[in-house]
Structures are given as C-alpha cells and as structure tokens.
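Asker: Below you'll find the structure I mean.
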Amino acid sequence: MVKDKLNRNSKKVDKFISQFLKNQKKSLLVPPMKYGVISGGKKIRSSIIFDTGKLYKIRNIKLINICAAVECIHSYSLIHDDLPCMDDDVTRRGKPSTHIKFGEATAVLAGNSLLTLAFEIIADKSYTLNSNQKNEIVKLLANCSGHTGIAGGQELDLKYENKKKNLSQIINMQKKKTGKLFGFCLQSVGIIANKNKKEKLYLGKLGEEIGLLFQLADDFLDIKGSKKKVGKPIKKDKKKGKSTLINLLGYKNAFIYAVKLKKKILLKLKKHGKNAEDLAKTIKFILERNF
C-alpha cells in the first residue's frame, strides 16, 4: 500500500535528518527545527524522489540527502506560511504550529535554519556525488526555493487574496508555490542519473505537473476533508479569499481538470514501463488521498 510506503520512507528521512543534526554543534534552534521537519507529515516529496530513482535504477542511499534537503525546504516554507503575518494558521500536522509552540521569532529563525540546512546536507563531503552534480543540484534547489519558486509563489498567494485572477495566473502561482519543489524532486534525480539536458527538463516539467496535482488535491481537502485527518484547519481558503482553481472553476470542473492532469502525467510515465509503477501509484494516491 502507498500509505505504508510513505510511512517507511518518512521514517528513513526523519532518521537521516536527526542523525545529521546530532553530528552538528548543539544550538537552541535544533528543537524547533526538529519540531517543524520531523514531527509528522506524509513526506510525499521524499517518496516521489525514491520512486523517480526507480526509473533509472538509482539506489535510495544516493537519494536520501536529496530527500532530507527537500523536506527541510518544505518545512521551512510551512513554518513561515503559518506565521501571523502570512496565513496565520495555529495548527499544522495535527499539532500547534511552530510559532505557537516556540514563539514567532524562534519560528522565523528555525525556518531560516532549515532553509540553509538543506544546502548543507547536499554539500556535505560524505555525500558521494561529484562536484559538478552537487553544484547543479544546489543551483536548482535555490531556484526552486527563492523568489522564482516557493517564496515568490507565497508572495503571489498573499497578493491574490480577494482578487479575481485568471486560469494562467493561478496556475503560475501554484506552480511556483508547490510545483517548483516537486520539479526539483524529479529533476535532481535526473542530474544524479547523468541524464541529458532534454531529459532533465522533461523531469522538471513533469514534477511541476505533479506538484500542481498535489496542490489541487490539497485544495479539495480544504473543502471536503476533516480537520482531524488533514491535520490543519479546513475551509480556510474561502474565508481568506484565496485564489484557487476551485474558486475560479467550481469544485466539479476543478476536479475534472485534476483528473485530466493525472491522466496526462501517467501517460508521460508509460515510456518507463515497469520502472514507473511505484511513481504511478503515488501519483494516483495524491488525488485519491483523504488526509
């Protein structure tokens, strides 16, 4: 089952991050950092990375640093998104948000530290990639995390509240906020597999589409999910006037759009044959999940 796989992969990544932090000098920020990145969460992005590795028969030990870095980036973005100056959410992953637990200033610093930790994990001398691969991965991750990626997407998300935006504007915003990091998940595997430029770009675009599908599923859960299962407040997008495809197209048409997007993604994976089975299952799960 996909849920079992997610759980196994989550534990692997949590263990790696805990050990990495244990090997560093202690600081007061480690507890809130661990609280934000380790405690809970499905870590779907990590499973996507492991699944993509199977396309090219890459062992998990070659990918675990990438998984850990991605989860650090993702968790940094969530810690900051939850702050009162942004989405002002008091619950995340079924527990108090980091700023509720540790205070706003500490949450900002913990988020910043997770952001920088991600690059440290990739640059670590014990990570046996060549320098060219590491440089390419670091540059790509920076591109996906800053103003051209997650941060820029969050800025658009805030600026678009209570405003009418068209389809292309909303998709552009959601691809930055969510899709870019998923794009990194796939494209970084292509870098490790020494694929050519065309194949790496193909993986990056495919990842962005998977990220858009994930965002759509998240928006569906905001409307029809339960707070207990989702682990955070629901029905908040409408209250805050968020620009989503559901608000633009309506729930039914947005779901039809999502199903077509899922089919499009799965069709692209057919060229990889049996090697893509696990990735295909994870993609199906993204739209079908109820938590």
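The values are calculated or read from the model by the stated rules, or taken from the named source; none is laboratory data. Because the structure is predicted, anything quoted here is derived from the model rather than measured. A quick note on method: Cβ atoms are made from the backbone with ideal geometry, for glycine too, and the neighbour counts reach across all protein chains shown.
Asker: Give the number of residues within the stretch 55-81 that are assigned to a helix (DSSP H, G or I), under 24 Å from ASP124 (Cα atoms) and not small (Gly, Ala, Ser).
Answerer: 13
Asker: Within the stretch 107-121, take every residue that is closer than 13 Å to GLU71 by Cα and of a type in the set (Val, Ile, Thr) and give me the one that is surrounded by the most Cβ atoms within 10 Å (Cβ to Cβ).
Answerer: ILE121
Asker: Is it true that some residue in the stretch 202-209 is buried (at least 16 other Cβ atoms within 10 Å of the Cβ) and at pLDDT below 95?
Answerer: no
Asker: Related question: Restricting to the stretch 143-179, name every residue that is of a type in the set (Val, Ile, Thr) and either within 14 Å of the chain's Cα centre (by Cα) or assigned to a loop (DSSP other than H, G, I, E, B) (or both). Walk me through it before giving the result.
Answerer: Initial filter on the stretch 143-179 (of a type in the set (Val, Ile, Thr)): 148, 150, 170-171, 178.
Residues satisfying the conditions are THR148, ILE150, THR178.
Asker: Being closer than 21 Å to GLU104 by Cα and part of a helix (DSSP H, G or I) is true for just one of LYS15, LYS5, LYS34, LYS11. Which residue is that?
Answerer: LYS34
Asker: Which one of these is modelled with pLDDT under 90, in contact with a helix residue (DSSP H, G or I) (Cβ under 6 Å, 6 or more places away or on another chain) and of a type in the set (Val, Ile, Thr): ILE283, ILE234? Reasoning before the result, please.
Answerer: Working: ILE283 fails: modelled with pLDDT under 90.
One residue alone meets the criteria, ILE234.
Asker: Further question on the same structure: Can you tell me which of (1) among the hydroxyl-bearing types (Ser, Thr, Tyr); (2) at pLDDT 95 or above; (3) within 18 Å of the chain's Cα centre (by Cα) is the one SER39 doesn't meet?
Answerer: Condition not satisfied by SER39: (2).
Asker: Check off (1) at pLDDT below 95; (2) surrounded by 17 or more Cβ atoms within 10 Å (Cβ to Cβ); (3) not aromatic (Phe, Trp, Tyr) for ASN65 and give me the number that stays unchecked.
Answerer: Among (1) at pLDDT below 95; (2) surrounded by 17 or more Cβ atoms within 10 Å (Cβ to Cβ); (3) not aromatic (Phe, Trp, Tyr), the lone unmet condition for ASN65 is (1).
Asker: Filter the stretch 165-176 for residues that are of a type in the set (D, E, K, R) and in contact (Cβ under 8 Å) with a residue 40 or more places away in the chain and give the result.
Answerer: Correct list: LYS165 only.
Asker: Consider LEU140 against the criteria (1) over 30 Å from GLY273 (Cβ atoms); (2) not in a loop (DSSP other than H, G, I, E, B): it satisfies all of them except one. Which criterion is unmet?
Answerer: (1)
Asker: Follow-up. One residue is enough: does the stretch 81-104 have a residue meeting the conditions of a type in the set (A, V, I, L, M, F, W, C), buried (at least 18 other Cβ atoms within 10 Å of the Cβ), closer than 25 Å to GLU208 by Cβ and in contact with a helix residue (DSSP H, G or I) (Cβ under 6 Å, 6 or more places away or on another chain)?
Answerer: No, because not a single residue in the stretch 81-104 is of a type in the set (A, V, I, L, M, F, W, C), buried (at least 18 other Cβ atoms within 10 Å of the Cβ), closer than 25 Å to GLU208 by Cβ and in contact with a helix residue (DSSP H, G or I) (Cβ under 6 Å, 6 or more places away or on another chain).
Asker: Against the definition (closer than 28 Å to CYS72 by Cβ, out of contact with any Pro (no Cβ under 6 Å at 6 or more places or on another chain), modelled with pLDDT under 95 and not in a helix (DSSP H, G or I)), how does LYS242 come out, yes or no?
Answerer: yes
Yes/no matrix, rows are residues, columns are (1) aliphatic (A, V, I, L, M); (2) under 20 Å from the mean Cα position of the chain (by Cα); (3) farther than 30 Å from HIS272 by Cβ:
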{"site": "LYS3", "(1), (2), (3)": "no, yes, no"}
{"site": "ASN9", "(1), (2), (3)": "no, yes, no"}
{"site": "LYS26", "(1), (2), (3)": "no, no, yes"}
{"site": "THR52", "(1), (2), (3)": "no, yes, no"}
{"site": "LYS62", "(1), (2), (3)": "no, yes, no"}
{"site": "VAL70", "(1), (2), (3)": "yes, yes, no"}
{"site": "ASP82", "(1), (2), (3)": "no, yes, yes"}
{"site": "ARG92", "(1), (2), (3)": "no, yes, yes"}
{"site": "SER97", "(1), (2), (3)": "no, yes, yes"}
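Asker: Among the residues of the stretch 82-129, what is the count of those that are under 24 Å from ALA142 (Cα atoms), not β-branched (Val, Ile, Thr) and not in a helix (DSSP H, G or I)?
Answerer: 10
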